[in-house]
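Asker: To start, I am sharing the structure in question, which I have written as structure tokens.
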Amino acid sequence: MKYINEYRDKKLVYALSEEIKKVSKKAVRFMEVCGGHTVSIHKFGLKSLLPETITLLSGPGCPVCVSSQQYINKAIAYSRLEDVIITSFGDLLRVPGTSSTLAKEKAKGGDIRVVYSPIDALRIARLHPEKKVIFLGIGFETTAPCIAASIKQASIEGLANYFVYSTHKVMPPAMTAIITEGILIDGYICPGHVSAITGSSIYDLYPKKFKVGAVIAGFEPVDLLQSILMLVKQIENDNPMVEIQYKRAVKQKGNEKAMQLLNEIFTLRDDVWRGLGVLIKSGLGISKKYEKFDAEKMIQVTEEPSFENPGCICGDILKGLKTPNECPLFRKVCTPVNPIGACMVSNEGACGAYFKYAV
Amino acid sequence: MMNNKNDIIIMDHGSGGRLSQELVQNVFVKNFGQNQSGPMTDSALLNISSTKIAMTTDSYVVQPIFFPGGNIGKLAVCGTVNDLSVVGATPLYLSCGFIIEEGLLISDLEQIVKTMADEAKKSGVKIVTGDTKVVERGSCDKLFINTSGIGVLNENCAHIASGSNIKSGDKIIINGPIADHGMAVISIRNGLEVESSLESDCASLNKMIAKTLKYSKDIRFMRDATRGGLATVLCECVEDKPFGIQLYEDSIPRNETVQGVCELLGFDPLYVANEGKVVMIVSTELSGKILEIMKRDPLGKDASIIGEVSASNEGLVVVETEVGGKRLLSMLTGGQLPRIC
């Protein structure tokens with residue numbers, strides 16, 4: 001596979017691993033913010049190639065994991081309405097609400113369909129004018145432009161039965177909250193695909209204000225090891241800064257067209273993050289101009305109250321305070337078959353990745 | 001009745017009356033042939049000259065019923081033939097039960113039945129008895145098929161199914177690239193418009209397996225890597241056992257297109273279904289020759305040694321990843337889900 005094999009080259013990986021071992025002297029803690037990075041690190045066994053001086057922490061960058069239980073409860077309530085078709089990315093189906101999941105509602109007859117793109121949801125809306133088609137809009141700056149485009153397209157077509165239930169979030173407030181909550185990290189492995197949209201300037205404050213390094217990383221083994229090496233060098237030289245490793249996808253200015261669309265369709269609002277609580281201006285609600293596509297505004301439902309299992313430490317895991325192995329429920333009560341917290345459900349959740357790959 | 005391409009199955013085809021008889025004659029007997037005891041007796045009567053009989057059953061519900069590289073009928077024959085073959089048995093007879101949703105095109109049914117007859121002939125088994133039920137629209141998805149099979153267990157092969165002779169140092173062999181079937185089916189499923197040239201690997205492995213058993217009965221273990229993929233076979237093999245498995249990811253044969261589609265959709269090929277792949281565990285001394293025999297067969301031309309049994313890491317499958325890292329391989333839990341970012 002062109003553009004993948006080059007970044008999985010065994011010799012190059014070995015050379016980078018050796019170089020990191022040579023350069024790294026200080027004990028450092030780096031956080032990979034993005035769930036995609038967490039998966040790559042485990043899937044390729046990269047921790048086994050790093051020296052003991054480097055600790056990797058998994059951050060809050062798995063959209064399924066940081067979504068509130070209230071969001072799932074409300075999605076379930078929507079799915080119980082007679083005239084509604086729910087369209088969703090697959091990961092959300094098994095996330096536990098208070099007393100059900102979307103997967104269980106589907107088994108009971110709810111019309112819930114897994115799609116790979118909101119464009120598929122639009123197609124379903126066109127085919128079923130008699131139904132309200134709700135797309136569960138979840139994800140960060142990476143995914144949000146595509147959902148914004150679907151709303152724009154629905155507006156152009158005058159589709160009156162397409163709605164988005166948004167819990168989109170933006171990355172910087174969570175990354176800032178992690179530092180201000182006093183969690184000790186020396187560097188961020190910044191999310192590559194978020195940065196492809198936003199550009200690199202959103203991370204400027206971390207080195208400037210907090211002396212925390214920031215390297216925007218790709219998702220292949222060579223990308224990740226090179227990014228770690230860049231961070232190690234920054235720390236060893238006492239020179240934290242923002243660097244782009246993932247140059248083949250990320251420009252300093254980002255994707256201006258996508259950002260323009262994002263700003264047109266969505267507005268920033270305060271939002272709840274699992275483990276981090278309410279963060280100011282961290283969520284993307286649908287703007288007033290496009291509110292007729294906003295499920296929350298247009299379709300009223302009452303959802304079940306939230307109840308989180310008090311033993312679940314997803315919150316601390318998302319903040320990098322604890323690892324899944326420190327959770328009393330991990331592997332015993334909480335497994336991918338019976339997930340208690342969202343970190344176990346998602347492919348990109350830290351608990352799911354530890355369960356599946358950890359030696 | 002068979003002349004109109006648009007004819008469909010209706011409830012009356014399952015009523016036991018004239019339409020049922022016509023369907024049996026014009027579709028099933030026409031393709032499968034008559035049993036010696038006559039087509040309409042309640043049971044097939046068989047002569048088997050062994051007291052060690054292997055028996056298996058499997059139901060096939062694949063959606064869509066036609067996919068690149070095969071259809072549900074081919075799957076139903078190959079799957080059951082393979083289940084018999086991997087325990088060291090020679091498959092002989094199959095039964096088939098059809099549950100048909102009203103509205104299915106009779107021409108589609110006939111095409112599927114013809115494929116089954118062709119595949120049975122190719123693999124040297126006889127379809128000797130069957131049953132048809134028609135259910136109302138919505139009660140099944142077009143067509144479900146159950147096949148049961150019986151075969152005779154070959155001499156000195158009773159250890160193969162349980163893997164009771166596996167020893168540390170043994171080599172693990174697979175007969176070709178993984179994940180072809182699962183990705184071929186997924187790629188054409190509704191709502192997943194990935195255009196590609198993927199083809200299912202669906203095939204009866206009994207003849208290739210027979211060649212290896214002819215050379216030596218000391219094959220320590222065999223399993224076909226179907227649902228749950230290669231990972232599941234290996235994890236089940238070491239569960240609660242006093243040995244582990246060391247797997248070398250870069251030795252696992254993979255079709256580049258399949259790999260690409262897996263990357264795109266977020267599937268791990270190790271967990272994706274195969275329908276023509278057998279995992280064998282053999283001693284180091286035998287491994288070279290068995291590999292050579294497999295490679296001479298068209299179904300094993302890409303066969304490869306992908307790992308070995310280890311005395312350490314009891315009960316675990318440890319993967320040396322393609323980049324040289326190490327990780328554990330665990331049992332698939334829940335279905336594989338498409339990733340969202």
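Asker: Among B:Leu332, B:Asn274, B:Asn255, flag the residue with its Cα farthest along the positive direction of the charge dipole of the range B:199-341, charges on Cβ as +1 for Lys/Arg and -1 for Asp/Glu.
Answerer: B:Asn274
Asker: Further question: Can you count the Lys pairs in the range B:11-153 whose Cα atoms are under 24 Å apart, with each pair 8 or more apart or on different chains?
Answerer: Summing the qualifying lysine pairs gives 20.
Asker: Assuming a viscosity of 1.002 mPa s and a temperature of 20 °C, what translational diffusion coefficient in µm² per second does Stokes-Einstein assign to the range B:219-292, Rh being the Kirkwood radius over Cα pairs?
Answerer: 156
Asker: Out of the DSSP beta bridges found with both residues in chain A, what percent are antiparallel (nearest 5)?
Answerer: Values: 9 of 40 bridges.
DSSP beta bridges in chain A are roughly 20 percent antiparallel.
Asker: What does the range A:1-133 give for Rg and for Dmax, in Å, if only its C-alpha atoms count?
Answerer: 21.3, 65
Asker: Compare B:Leu198, B:Leu45, B:Leu247 in a GNM of chain B, Cα atoms joined below 10 Å, and give the one with the largest fluctuation.
Answerer: B:Leu45
Asker: Using only the Cα atoms of the range A:198-354, construct the convex hull and provide its projected area averaged over every direction, in square nanometres to one decimal.
Answerer: That works out to 12.6 nm², a quarter of the Cα hull's surface.
Asker: Restricting things to Cα coordinates, could you compute the convex hull volume per residue of chain B in Å³?
Answerer: Value for chain B: 148 Å³ per residue.
Asker: Let me ask you something else. I'd like the distance separating the alpha-carbon centroids of the range A:48-72 and the range B:71-91, in whole Å.
Answerer: Between the Cα centre of the range A:48-72 and that of the range B:71-91, the gap is 44 Å.
Asker: Let me ask another. Could you name the aspartates and glutamates whose alpha carbon sits less than 15 Å from that of A:Lys26, not counting residues in the same chain fewer than 8 places away?
Answerer: A:Glu52, A:Asp186, A:Glu236, A:Asp238
Asker: Shifting gears a bit: For the protein assembly as shown, what is the accessible area per residue in Å² when the probe is 1.4 Å?
Answerer: 42
Asker: Determine ³J(HN,Hα), in whole Hz, for all residues of the range B:104-111 in sequence, where each value follows from phi through the Karplus function 6.51 cos²θ - 1.76 cosθ + 1.60 and θ = phi - 60°; x replaces Gly and Pro.
Answerer: 5, 5, 4, 5, 5, 4, 5, 4
Asker: Kirkwood hydrodynamic radius, computed over distinct alpha-carbon pairs, for chain A: how many Å, to one decimal? Walk me through the numbers before you get to the answer.
Answerer: Values: mean 1/r = 0.0476 Å⁻¹.
Result for chain A stands at 21.0 Å.
Asker: Search the structure for amide H atoms under 5 Å from the amide H of A:Leu57, placed 1.01 Å from N in the peptide plane, and list their residues when 5 or more places away or on another chain.
Answerer: Under 5 Å from the amide H of A:Leu57 lie the amide H atoms of A:Phe30, A:Met31, A:Glu32, each far enough along the sequence or on another chain.
Asker: Treating the beta-carbon of each Lys and Arg as +1 and of each Asp and Glu as -1, no other charges, what is the dipole magnitude of the range B:11-153 about its Cα centre, to the nearest 20 debye?
Answerer: Computed charge dipole of the range B:11-153: roughly 460 debye.
Asker: A further question follows. Report the dimensions of the range B:171-329 along its three principal axes from the alpha-carbon atoms, largest first, rounded to Å.
Answerer: The principal-axis extents, from largest down, are 47, 35, 25 Å.
Asker: Kindly provide the helix-only [θ] at 222 nm of chain B, computed as the sum of -39,500 (n - 2.57) over DSSP H runs of four or more divided by all residues, to the nearest 500 deg cm²/dmol? Intermediate values should be presented prior to the final figure.
Answerer: Working: 8 runs with 90 residues, N = 341.
So the helix-based figure for chain B works out to -8000 deg cm²/dmol.
Asker: While we're looking at this one, here's another question. Could you work out what % of the accessible surface of the range B:113-155 is carbon and sulfur, using a 1.4 angstrom probe and leaving DNA, RNA and ligands out of the count?
Answerer: Carbon and sulfur together cover 49 percent of it.
Asker: In degrees, nearest 10, range 0 to 90: what is the angle between the Cα axis of helix B:229-238 and the longest Cα principal axis of chain B?
Answerer: Taking Cα atoms only, the helix is inclined about 60 degrees.
Asker: Next up: Please check chain A for the longest run free of GluC sites (Glu not before Pro) that are loop-located per DSSP (anything but H, G, I, E, B) and have at most 14 other Cβ atoms within 10 Å.
Answerer: Looking at chain A, A:182-359 is the longest stretch - no exposed GluC sites (Glu not before Pro) with at most 14 other Cβ atoms within 10 Å.
Asker: Here is a follow-up. Looking at the range B:238-341 from every direction and averaging, what is the projected area of its Cα convex hull in nm²? All intermediate terms of the calculation are to be shown ahead of the outcome.
Answerer: Numbers: hull surface 32.6 nm².
With every direction weighted equally, the projected area is 8.1 nm².
Asker: Also: For the protein assembly as shown, just the Cα atoms, rotate onto the principal axes and tell me the three extents in Å, largest first.
Answerer: Result, largest extent first: 87, 65, 44 Å.
Asker: I'd like the interface area for chains A and B: accessible area of each alone minus the complex, both sides summed, 1.4 Å probe, protein heavy atoms only. What is it in Å² to the nearest 100?
Answerer: Working: alone 16070 and 16270 Å², together 29300 Å².
So the total buried area for this chain pair works out to about 3000 Å².
Asker: Further question: Kindly provide the helix-only [θ] at 222 nm of chain A, computed as the sum of -39,500 (n - 2.57) over DSSP H runs of four or more divided by all residues, to the nearest 500 deg cm²/dmol?
Answerer: Details: 16 runs with 138 residues, N = 359.
My calculation for chain A gives -10500 deg cm²/dmol from helical runs alone.
Asker: Within the range B:171-329, what whole-number % of the accessible surface is contributed by carbon and sulfur, with the 1.4 Å probe and all protein chains included in the calculation?
Answerer: 46
Asker: With θ taken as phi - 60° and the coefficients 6.51, -1.76 and 1.60, list the Karplus ³J(HN,Hα) couplings across the range B:289-298 in order, rounded to whole Hz; mark glycine and proline as x.
Answerer: Couplings: 5, 4, 4, 5, 4, 4, 5, 6, 8, x Hz.
Asker: Then there's this: Excluding same-chain residues fewer than 8 positions from A:Lys247, which lysines have a Cα within less than 20 Å of its Cα?
Answerer: A:Lys2, A:Lys233, A:Lys257
Asker: If you plug each phi of the range A:187-202 into the Karplus form 6.51 cos²θ - 1.76 cosθ + 1.60 with θ = phi - 60°, what whole-Hz ³J(HN,Hα) values come out, in order, with x for Gly and Pro?
Answerer: Going residue by residue, I get x, 9, 8, 7, x, x, 7, 4, 5, 4, 8, 7, x, 9, 5, 5 Hz, with x marking Gly and Pro.
Asker: Across all directions of projection, what mean area in square nanometres is found for the Cα convex hull of the range B:11-153?
Answerer: Reported value for the Cα convex hull: 8.4 nm².
Asker: Non-local amide H neighbours of B:Phe221 (under 5 Å, H modeled in plane, Pro and chain starts lacking H): which ones?
Answerer: B:Ile281
Asker: Let me ask something else. Taking only Cα atoms and a 10 Å spring cutoff, compute GNM fluctuations for chain A and point out the largest among A:Ser24, A:Ser40, A:Ser48.
Answerer: A:Ser48
Asker: Taking a cut-off of 16 Å between Cα atoms, list the aspartates and glutamates near A:Lys152, but don't count ones fewer than 8 places away on the same chain.
Answerer: A:Asp120, A:Glu264, A:Glu291, A:Asp294
Asker: Then there is this: Given the C-alpha centroids of the range B:222-254 and the range A:309-359, what is the distance between them in whole angstrom?
Answerer: Result: 25 Å between the Cα centres.
The values are calculated or read from the model by the stated rules, or taken from the named source; none is laboratory data. Treat the numbers as computed from the prediction; the structure is a model and nothing was measured. With ideal geometry, Cβ positions are generated from the backbone for all residues, glycine too; neighbour counts draw on all protein chains shown. Calculation scope for accessible area: heavy atoms of the full protein, side chains included, ligands and nucleic acids excluded. Shrake-Rupley method; radii C 1.70, N 1.55, O 1.52, S 1.80 Å.
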